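As structure tokens, the structure follows; a few thoughts come after it.
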Amino acid sequence: METVVQSSVGIYSKPFHSLARKLIKASSGPITRVTEMDRRRGGISLLTSHSFFPAIRRIRAMHKSITSSPTVSFATPEVGVTNTETREWAMQDFYTLRKDVETVLERVQEIRAAAGLKQLQEDLAALEAAAADRSLWDDRAKAQETLQALTDCKDKLKLLRDFKTQADDAETIIKLTEEMDSIDSVFLQEASGIIKELNKALDRFELTQLLSGPYDKEGAVITITAGAGGTDAQDWADMLLRMYVRWAEKQRYKTKVVEKSVGEEAGIKSATVEIDGRYAYGYLSGEKGTHRIVRQSPFNSKGLRQTSFTGIEVMPLLPEDSTNVEIPEEDLDISFTRAGGKGGQNVNKVETAVRITHIPTGVAVRCTEERSQLANKIKALSRLKAKLLVIAEEQRASEIKQIRGDTVKAEWGQQIRNYVFHPYKLVKDVRTAYETCDITSVMDGELDPFIKAYLKHKYSLAANPSGLT
């Protein structure tokens with residue numbers, strides 16, 4: 001076994017000790033501290049490049065988190081193997097990682113080229129000039145649009161720069177390892193962690209490029225309604241509510257359950273959850289429809305297989321002053337009821353809950369979360385307008401009065417996705433044919449593969465509406 005020495009950067013094998021000491025010394029002081037003599041003695045050809053030092057500083061800064069947090073496991077030989085076999089295992093890990101780094105570097109270059117960096121920089125300069133104009137706020141709506149476009153352009157450029165920085169960091173570690181006499185697992189773990197996170201970020205970036213709708217960048221409002229199936233359907237609605245909340249948490253979105261009607265025996269009759277985050281509506285718009293579950297019913301004493309349905313409605317979370325839609329008063333049916341709940345000064349005493357129905361289409365929304373009737377009415381009207389705008393876009397109608405009814409029917413033959421728990425485990429999307437047997441992960445919020453498959457399916461239909469190949 002190789003002897004192990006303690007240094008200021010952690011535990012390293014002896015052949016790496018002198019190199020690590022020079023790297024830390026170089027990254028903690030001016031570049032002139034590494035002399036030509038140091039480079040010849042340590043064989044550090046990479047240090048001749050000044051662009052190498054920022055990568056070393058980043059690697060050094062992240063070293064503490066590597067040793068204290070869970071790391072990526074590499075192939076490890078069993079106890080009793082020879083040093084030669086140990087080195088062979090390490091070399092296999094290194095060659096695999098080097099191939100992954102090369103693949104990611106090519107992918108980053110392709111994405112940066114497709115994004116059009118030069119055009120983005122020109123757009124940024126034009127938007128900054130427009131934002132600095134004194135007459136910007138003469139038109140409030142146009143000013144907000146300009147500032148939002150400026151923020152989007154800056155975020156996209158920063159993201160593309162971050163992709164290149166992370167890929168360069170991983171490549172630097174690989175080049176360092178190639179120049180050393182031994183392979184250090186700490187550096188390999190760091191490079192592997194960078195590649196894993198970078199691949200996730202690249203997947204997410206490619207997904208956002210498929211979102212081009214007028215409301216795709218907004219947050220989302222999901223309405224869950226139990227359909228055919230009785231108590232099982234209500235329990236299924238509760239399971240779907242948890243699934244969407246877990247997905248939003250994994251995306252680091254803010255969630256708020258604004259309305260929830262609890263079932264008599266179990267589950268929920270309906271619920272409305274607001275998801276506030278960038279592109280939330282774009283990702284979740286494909287979840288609209290009927291979701292079907294097949295399982296052994298926990299509410300059936302004989303344990304028979306039960307099929308239940310739940311309807312999902314998705315609409316963008318738009319600011320109240322951004323929906324410039326005029327709906328004639330005679331087209332609205334507004335009713336007031338007492339809000340359900342566990343009590344309070346207004347709940348169950350004053351009719352604060354508001355339900356608004358758009359008579360021509362039959363589209364209805366309900367709002368109960370506010371304490372006053374007026375506030376609930378304003379919020380319900382805003383949601384109705386958002387819902388009608390989405391339906392109008394889907395049906396390509398130029399005016400609200402041209403749209404047709406678009407109510408989700410939570411019943412047999414209308415499902416967009418099947419969740420089978422018994423006699424086998426399978427989740428399959430009817431529209432895209434994407435399926436997985438890992439139903440536990442799906443119910444825990446792992447919806448990204450289904451979202452990605454649907455967006456690609458939607459994009460292909462838009463590009464080829466006739467369906468010809």
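If you check Lys200 against the conditions, is it modelled with pLDDT of 90 or more and either in contact with a Leu (Cβ under 8 Å, 6 or more places away or on another chain) or not assigned by TED's automatic domain parsing to the domain that holds His457 (or both)?
No; evaluated as a whole, the condition is false for this residue.
Restricting to the stretch 269-309, name every residue that is surrounded by 19 or more Cβ atoms within 10 Å (Cβ to Cβ) and β-branched (Val, Ile, Thr).
Matches in the stretch 269-309: Thr272, Val273, Ile275, Thr290, Ile293.
Which number in (1) under 25 Å from Leu317 (Cβ atoms); (2) assigned to a helix (DSSP H, G or I); (3) not charged (D, E, K, R) marks the one condition that Ala220 misses?
The failed condition is (2).
Could you tell me how many of the residues in the stretch 318-352 are at pLDDT 85 or above and of a type in the set (A, V, I, L, M, F, W, C)?
Of the residues in the stretch 318-352, 2 are at pLDDT 85 or above and of a type in the set (A, V, I, L, M, F, W, C).
For the stretch 108-116, state whether one or more residues are in the same structural domain as Lys196 (by TED's automatic domain parsing), closer than 25 Å to Leu198 by Cα, surrounded by 11 or more Cβ atoms within 10 Å (Cβ to Cβ) and in contact (Cβ under 8 Å) with a residue 60 or more places away in the chain.
yes
Among the residues of the stretch 177-199, is any touching a strand residue (DSSP E or B) at 6+ places or on another chain (Cβ under 7 Å) and not in a helix (DSSP H, G or I)? Walk me through it before giving the result.
Residues of the stretch 177-199 that are touching a strand residue (DSSP E or B) at 6+ places or on another chain (Cβ under 7 Å), as a first pass: 182, 184, 186.
From what's left, not in a helix (DSSP H, G or I): 182, 184.
Looking through the stretch 177-199, at least one residue is touching a strand residue (DSSP E or B) at 6+ places or on another chain (Cβ under 7 Å) and not in a helix (DSSP H, G or I).
Among the residues of the stretch 304-317 satisfying the criterion of being at pLDDT 90 or above and polar (S, T, N, Q), which is nearest to the chain's Cα centre (by Cα)?
Thr310
When both residues are 6+ apart or on different chains and their Cβ atoms are under 8 Å apart, which pairs have a first residue that lies in the stretch 187-203 and is of a type in the set (Lys, Arg), and a second that is at pLDDT below 90?
Lys196/Val72
Pick from Val442, Val427: which is out of contact with any helix residue (DSSP H, G or I) (no Cβ under 6 Å at 6 or more places or on another chain), more than 30 Å from Asp333 (Cα to Cα), modelled with pLDDT of 95 or more and assigned by TED's automatic domain parsing to the domain that holds Pro319? Quick ask: steps written out before the conclusion?
On the way: Val427 fails: out of contact with any helix residue (DSSP H, G or I) (no Cβ under 6 Å at 6 or more places or on another chain).
Only one candidate qualifies: Val442.
Going by what's in this entry, would Arg278 be described as modelled with pLDDT under 90, out of contact with any helix residue (DSSP H, G or I) (no Cβ under 8 Å at 6 or more places or on another chain) and either under 30 Å from Glu110 (Cα atoms) or not basic (Lys, Arg) (or both)? Can you show your working first?
Working: modelled with pLDDT under 90: yes; out of contact with any helix residue (DSSP H, G or I) (no Cβ under 8 Å at 6 or more places or on another chain): yes; either under 30 Å from Glu110 (Cα atoms) or not basic (Lys, Arg) (or both): yes.
Yes: the conditions hold for Arg278.
The values are calculated or read from the model by the stated rules, or taken from the named source; none is laboratory data. As the structure is a prediction and not an experimental result, all values here were calculated from the model. Quick reminder, even Gly has a Cβ in these numbers, built from the backbone with ideal geometry, and neighbours come from all protein chains shown.
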